[in-house]
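Report on the structure given below.
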Amino acid sequence: MSFYEVYKQYKDFDYDDFFKNTIKSDVLRALSLDKKDNLSFLRMLSPVAQDECLEDMAQQSHKLTLQNFGKTISLFTPLYLSNICENACIYCGFNHYNHIKRSKLTLQEVEKEGQAIHDMGMRHLIILTGESRAATPPTYIADCVRVLKKYVSSICIEVYSLTNDEYEMLFDAGVDAFTMFQETYNEDIYPGLHPEGPKHDYRTRVDSPEKACKANYHSVNIGALLGLDEWRREVFFTGLHAKYLQDHYPNTDIAVSLPRIRPCVGDGLFQPKSIVDDKAIVQAMVALRCFLPRVGITVSTRESPEFRDHLMGLGVTKMSAGSVTEVGGHSGDAKSEGQFEISDDRDTSAMAEAIKHCGFQPIYKDWDVLNYV
């Protein structure tokens, strides 16, 4: 069995009718359950939940977050190794057909980036590439990881789908965490959003997080790019996917992200299918926390400083800081345009001070791979 079997159970569910017939008492009943089932989670994502129960959900989410994570926010920063991509995703700045400067870091440049990130105080890093095996093969990624391990304690990968053996090889090189966004869980519209390239294969994409779990990665982070389809359904499937992974791989920390589409190079003709406002993000976050009390929740610099500050305490457990989406951006020698526009450009120190101001403790390092293995 894979998560795809769970997805098929709910693929043709009548969400509009379910939401239409959900009333306030249904949401409050769902909220009162010690352990929420799938449909209770869906009730917490309903329009009536947003209109009439959001404060109740937020209070429970706050309580569960403190119980399971304490008053801490983990910090990380992204490092782009390359923006060379074979995909033609119609919403992405790295689209193969976009006329942007393409580049890839040498190992010497990776070393320079690692030093700059270390000097920022960061010890948790996520490395990203465009999806091109030819330009950035797994062996290249492994070489970069070995360089970066001199400067950071934890390395997460956000790259193209790999084989089981390749995930294990990168784990042996020093990778301990994994992030992959399904982008949209809607299998029917997925091919049109990803018309060409390795990302075109829905099943390969949706099964990749489980492969990382099988390779003993410490943390596996998933999510949908909110705006590509109706956001309530996307968050529902994200929650179901996270629950499936938690149930089957209890030794892996499962986390979710709630990214919204941001402007990028070449996206002038693409319009989001679903408008995802701030209230929607809050509802998605607190519903996920009430459904899955132990799941990590990541909020990136796609969101504004003010909004990110207000989210602390509602469910978020991890935030990025000092983010750049350009290849080579941390060392000041950016070699490309960014993948998308960021909204929160605070550096590590400013982000840490904001976290403290909100009554939380910034965490630069919360595990060490050597201790974990």
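The values are calculated or read from the model by the stated rules, or taken from the named source; none is laboratory data. Just so it is clear, the structure is predicted and the values come from calculations on it, not from any experiment. Note that we place each Cβ from the backbone using ideal geometry, even for glycine, and neighbour counts take in every protein chain shown. These area figures cover heavy atoms from the full protein model, side chains too; ligands, DNA and RNA do not enter into them. Shrake-Rupley method; radii C 1.70, N 1.55, O 1.52, S 1.80 Å.
Worth a mention:
- Taking all protein chains together, L245, L314 sort by accessible area into L314, L245, largest first [probe 1.4 Å].
- Contact order normalised by residue count of the chain, Cα under 8 Å, 6+ apart, percent: 24
- Using a probe of 1.4 Å on the protein chains alone, the accessible area found for V27 is around 0 Å².
- Span from the the stretch 150-171 Cα centroid across to the the stretch 342-362 one, whole angstrom: 27
- Nearest-20 debye value, the stretch 3-363 charge dipole, Cβ charges on Lys, Arg, Asp, Glu: 640
- The chain: most fluctuating residue of A255, A350, A177 per GNM, C-alpha cutoff 10 Å: A350
- Ordered from largest to smallest accessible area (heavy atoms of protein chains, 1.4 Å probe), the residues K150, K318 come out as K150, K318.
- Within the shell of other residues whose beta carbon sits under 13 angstrom from the beta carbon of H248, the net charge comes to -1, with Lys and Arg scored +1 and Asp and Glu -1.
- Legend: helices of the chain (whole DSSP H runs) are marked when their alpha-carbon atoms reach 18 angstrom or more along the helix axis and their mean Kyte-Doolittle hydropathy is at least -1.0; marked are 54-69, 107-120, 231-248, 278-291.
- Per-residue ellipticity at 222 nm, computed for the chain from helices alone with -39500 (n - 2.57) per DSSP H run of at least four residues, works out to -12500 deg cm²/dmol.
- In the chain, a dipole from Cβ-located charges (positive for Lys and Arg, negative for Asp and Glu) runs towards its positive end, and of F178, L75, P47 it is L75 whose Cα lies farthest in that direction.
- Long pairs among K24/K71; K20/K63; K24/K279; K104/K211; K243/K318, criterion Cα-Cα beyond 21 Å: K24/K71; K20/K63; K104/K211
- Euclidean distance between Cα centres, the stretch 86-134 to the stretch 268-302, Å: 25
- Gyration tensor (alpha-carbon) shape descriptor, the stretch 184-300, a/c threshold 1.5: oblate
- One way to sum up the overall shape of the chain is the equivalent ellipsoid from its Cα gyration tensor, whose semi-axes run 31, 23, 20 Å, largest first.
- Counted charge near T317, where neighbours are those whose Cβ lies closer than 14 Å (Asp, Glu -1; Lys, Arg +1): +3
- Accessible surface ranking that places the most exposed of I90, I157 first, with a 1.4 angstrom probe: I90, I157
- In this structure E5 has an accessible area near 70 Å², from a 1.4 Å probe over the protein heavy atoms.
- Proximal aspartates and glutamates to K35, defined as alpha-carbon separation beneath 20 angstrom and excluding residues fewer than eight positions away on the same chain: D26, E55, D56, D247, D253
- In this structure the amide hydrogen of I84, modeled in the peptide plane, comes within under 5 Å of the amide hydrogens of S103, G130, none closer than 5 places in sequence on its chain.
- Across the stretch 198-290, the relative contact order, built from alpha-carbon pairs under 8 Å that are at least six residues apart, equals 33 percent.
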